[in-house]
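To start, the structure under review is shown below, and the notes come after it.
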Amino acid sequence: MNALSKQNICKHLNHSDDTNIIIHDCVESTNDIARLLGVQGAEQGTIIIANQQTMGRGRFAKCFFSPPDSGLYISIVLRPKFDISKFVYVTMAAGVAVVDAIKLFCDVEPRLKWINDVILNDKKICGILAESRIKSSDGSPEFIVLGIGINVIEPKGGYLTELEHIAGAACNDGQEVDRNKLAALIIDNVLDKVIDMDEACILKEFKDRLGTIGKRVVMVKDGVTLEGIAVDVDSTGGLIVKGDDGNMHCLEHVNSSIVELNNENKSE
Ligand code: BTN
């Protein structure tokens with residue numbers, strides 16, 4: 001696996017003039033570094049990339065396994081002009097950006113799993129964690145840190161035992177992989193989508209790449225476990241599920257997750 005380098009990323013990057021890329025070999029969490037820089041006033045387009053993380057974080061305070069020489073761990077500082085209610089569109093845009101970049105780069109067809117996972121062959125190959133710092137004056141976002149973690153190839157030592165059946169890699173073992181080029185593609189895709197955000201377009205692109213629609217899902221809503229068929233995503237990023245109880249449910253993206261069941265049921 002080739003080494004990460006700012007020079008080699010910028011060679012492929014359309015947005016090289018409005019980004020500042022900082023590469024680290026090993027950090028605890030690129031999101032933490034980006035957040036610190038954000039607090040210190042770092043501009044939109046400040047991007048931290050690491051070869052390894054020792055305390056990579058996911059949603060619900062879960063660890064994100066981030067071994068060396070096999071993945072891409074990227075955090076992008078954004079200073080959006082939009083209202084915090086549109087925050088979810090950053091996660092959706094990032095999902096679309098990653099799916100499109102991996103499709104082009106690895107010649108595979110990954111799908112999104114609502115709301116922040118990228119799946120290939122039923123395995124998670126990427127997770128997305130967007131975090132915001134809110135202005136106390138008016139509640140608008142001061143900055144957002146968009147964190148993207150991708151398993152590009154399988155790590156040398158394999159995955160942690162508890163991840164063996166869940167985690168996978170974007171590219172095949174023997175595939176010649178240039179992480180710098182993939183990083184550039186992802187960054188360009190993300191910035192193209194979030195700088196002048198077109199919400200309707202992002203929602204459509206997100207739904208087009210979403211594998212969750214038509215699947216049986218299990219979710220917990222208001223402390224109650226429900227099962228049903230995922231039918232749509234609304235403009236707030238909520239997942240609309242036709243429950244087995246006969247009712248339609250909207251699962252808000254904040255603090256919610258689902259389990260997709262294997263038996264697809266597209267006819268319902
Ligand atoms: C998830 O799976 O719930 C989200 C995982 C997000 C992982 C990325 S890796 C880069 C950035 N730094 C972190 O600590 N987390 C994000």
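The values are calculated or read from the model by the stated rules, or taken from the named source; none is laboratory data. Since we're looking at a predicted model, the values are computed, not measured. Don't worry about glycine lacking a Cβ; one is built from the backbone with ideal geometry, like all the others, and counts go over all protein chains shown.
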Only one of (1) within 28 Å of S256 (Cα to Cα); (2) within 13 Å of the ligand (Cβ to nearest atom); (3) free of Cβ contacts under 8 Å to residues at least 60 places away in the same chain is not met by K81, so which one is it? (2)
Could you please find all residues in region 196-224 being in a loop (DSSP other than H, G, I, E, B) and without any contact (Cβ under 8 Å) to a residue 24 or more places away in the chain? D196, D198, I213, D222, G223
Could you please find all residues in region 127-157 being within 14 Å of the ligand (Cβ to nearest atom) and among the hydrophobic types (A, V, I, L, M, F, W, C)? I128, L129, A130, I144, V145, L146, I148, I150, V152
Being within 29 Å of D107 (Cβ to Cβ), of a type in the set (K, R) and surrounded by 14 or more Cβ atoms within 10 Å (Cβ to Cβ) is true for just one of K204, K181. Which residue is that? K181
For region 168-180, check the following and say yes or no: at least one residue is among the aliphatic types (A, V, I, L, M) and within 17 Å of the chain's Cα centre (by Cα). yes
Residue tally, condition within 15 Å of the ligand (Cβ to nearest atom) and either in contact (Cβ under 8 Å) with a residue 60 or more places away in the chain or part of a helix (DSSP H, G or I) (or both), over region 103-126: 6
Any residue in region 114-135 that is closer than 28 Å to I229 by Cα and surrounded by fewer than 15 Cβ atoms within 10 Å (Cβ to Cβ)? yes
Where a residue in region 46-69 is closer than 20 Å to T161 by Cβ and free of Cβ contacts under 8 Å to residues at least 12 places away in the same chain and its partner, wherever it lies, is in a loop (DSSP other than H, G, I, E, B) and small (G, A, S), with Cβ under 7 Å and at least six apart: C63/G56
Set H249, H165, H253: member being of a type outside the set (A, V, I, L, M, F, W, C), buried (at least 16 other Cβ atoms within 10 Å of the Cβ), modelled with pLDDT under 95 and farther than 24 Å from A97 by Cβ: H249
Flag for S75 being among the polar types (S, T, N, Q) and within 14 Å of the ligand (Cβ to nearest atom): yes
Can you find, within region 80-102, the residue that is surrounded by the most Cβ atoms within 10 Å (Cβ to Cβ) among those that are in contact with an Asp or Glu (Cβ under 7 Å, 6 or more places away or on another chain) and more than 20 Å from H12 (Cβ to Cβ)? Y89
Within region 25-61, take every residue that is within 11 Å of the ligand (Cβ to nearest atom) and more than 18 Å from the chain's Cα centre (by Cα) and give me the one that is surrounded by the fewest Cβ atoms within 10 Å (Cβ to Cβ). T54
Here is a list of conditions, (1) free of Cβ contacts under 8 Å to residues at least 40 places away in the same chain; (2) part of a strand (DSSP E or B); (3) farther than 22 Å from L239 by Cβ; (4) of a type outside the set (S, T, N, Q), and E176 meets all of them except one; can you say which number that is? (2)
In region 62-73, what residues are crowded, with 17+ Cβ neighbours inside 10 Å and farther than 12 Å from S29 by Cβ? F65, P67, S70, G71, L72
Can you name the residue in region 202-226 that is charged (D, E, K, R) and at pLDDT below 95 and, of all such residues, is nearest to V190 (Cα to Cα)? K221
Verdict on G228 being within 22 Å of D100 (Cα to Cα) and over 20 Å from the mean Cα position of the chain (by Cα): no
